[in-house]
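For reference, the structure is listed below as structure tokens.
The values are calculated or read from the model by the stated rules, or taken from the named source; none is laboratory data. Fair warning: this is a prediction, and the values are worked out from it, not measured in the lab. Cβ coordinates were reconstructed from backbone atoms using ideal geometry, including for glycine residues, and neighbour counts include every protein chain displayed.
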Amino acid sequence: MGELEGGVLTKGGSDLGVRDVCMVNLSLLAKWRWRLLQVNNALWKCIVVERYSPKVGDLLEVGEGMWPRNASRWWKDLVSLSKGMEVEWFNEEVARSVGNGMSTSFWKVPWKRNVPFMVKFNRLYSISTNQEALIHDLWRPRLFGGEWAFNWRRNLFVWENNLLTELLGDLNGFVGSIEDERWRWSLEEDNSFLVKSMYLKLEGREIPEVGHPEGERRVFHQIWKTGPPSKVIAFLWKALLDRIPARVNLEKQNCLPIDIGSNCVWCGEVVGNTLHLFLHCDLARNVWLNLMLWLNLNFVMPPNLFIHWECWSGGFYIRRFKRA
């Protein structure tokens, strides 16, 4: 893929450098989700809260039914960002920085290890009498540290006590403060949301490019750094990918009349694919031969366009031209 600079894909690799519009739209919708999480009294947020639910300032989950039947398309898209996916790709990158604990749900907000305790310890949550409790409600500060005050509907079984021990282990080291809570975006060092980081996550750039050997990927990166007009480079890029309208490609798309075969338009003897048209056809070979005679060079026709590019782009011939 192309490299991303300032949120825009540059040309490089086997892609043309155009961003995926669907991913861009999802990233921009995610920015609205992030803005809903921020504590402020903006007029637009007050309107959304009044129309839909006070919960819009929390992490939204797919299928919560948090909109009326006449909800706007924007709101339905916003709540259903991860619909049809295995994970909540927005929520899993959001975490809570806890301060005084007076605005953070103990069970329902991922303020420890990016997973809500109601999910990780669902059994304990189901028998808790404090399912709506805030962190402040369950934490009992002491002179040195503090303790957690849980209330259960009944006595815990042995295996449930083991779950409680694991929960207390996750809570170990918690220290309250007088600071206000805030949301953190885990993909950025300063914990602030950027559309760029959201786009890169969706694009899955951590997965290395596949499908082309190392030498071919090197050529794809080099072509965008040369001097010809962009339309010439774009045509070369399509030729390297065998995406030009050669007869063999047109036949695959059912774009040729029935009475016209896929043989070369020049010699008519061999299938007219990209490689044949530019290198191995008699007409193409004569063009290259006359060029070599004019430049006074000895040249063996390479087997493909990638090697042909490398022969002309950075080898012996370039140095010879510069000396001339």
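Brief remarks follow.
- Subset of region 21-30 [in contact with a helix residue (DSSP H, G or I) (Cβ under 7 Å, 6 or more places away or on another chain) and exposed (fewer than 15 other Cβ atoms within 10 Å of the Cβ)]: L28
- Residues that are in a loop (DSSP other than H, G, I, E, B) and of a type in the set (D, E) within region 244-272 comprise D259, E269, listed in sequence order.
- Some residue of region 161-168 being in contact (Cβ under 8 Å) with a residue 40 or more places away in the chain and over 35 Å from the mean Cα position of the chain (by Cα): yes
- L236 vs. criteria touching a helix residue (DSSP H, G or I) at 6+ places or on another chain (Cβ under 8 Å), buried (at least 16 other Cβ atoms within 10 Å of the Cβ) and part of a helix (DSSP H, G or I): yes
- Filtering region 197-219 to residues that are surrounded by 10 or more Cβ atoms within 10 Å (Cβ to Cβ), at pLDDT below 75 and under 13 Å from the mean Cα position of the chain (by Cα) leaves only R205.
- Where helices (runs of 4 or more DSSP H) fall entirely within region 40-140, none has at least 3 residues that are out of contact with any strand residue (DSSP E or B) (no Cβ under 6 Å at 6 or more places or on another chain), crowded, with 17+ Cβ neighbours inside 10 Å and modelled with pLDDT under 80.
- Single condition R19 does not satisfy, out of (1) out of contact with any strand residue (DSSP E or B) (no Cβ under 9 Å at 6 or more places or on another chain); (2) in contact (Cβ under 8 Å) with a residue 60 or more places away in the chain; (3) not in a helix (DSSP H, G or I): (1)
- Residue that is modelled with the lowest pLDDT, among those in region 146-196 that are aliphatic (A, V, I, L, M) and in contact with an Asp or Glu (Cβ under 9 Å, 6 or more places away or on another chain): L187
- Any pair with Cβ under 8 angstrom, 6 or more apart, that starts in region 229-249 at a residue that is not assigned by TED's automatic domain parsing to the domain that holds V271 and ends at one that is at pLDDT 90 or above and of a type in the set (S, T, N, Q): none
- Per-region count, region 250-261, residues surrounded by 15 or more Cβ atoms within 10 Å (Cβ to Cβ) and either at pLDDT 85 or above or acidic (D, E) (or both): 2
- For Q222, the conditions (1) modelled with pLDDT under 85; (2) over 35 Å from the mean Cα position of the chain (by Cα) all hold with the exception of (2).
- A count restricted to region 288-306 and to residues that are free of Cβ contacts under 8 Å to residues at least 60 places away in the same chain and surrounded by 12 or more Cβ atoms within 10 Å (Cβ to Cβ) stands at 9.
- Hits in region 273-300 (condition: outside any helix (DSSP H, G or I) and more than 15 Å from N249 (Cα to Cα)): C281, N296, L297, N298, F299, V300
- Residue match in region 186-203 (condition: of a type in the set (F, W, Y), within 27 Å of F306 (Cα to Cα), in contact with a helix residue (DSSP H, G or I) (Cβ under 8 Å, 6 or more places away or on another chain) and part of a loop (DSSP other than H, G, I, E, B)): no
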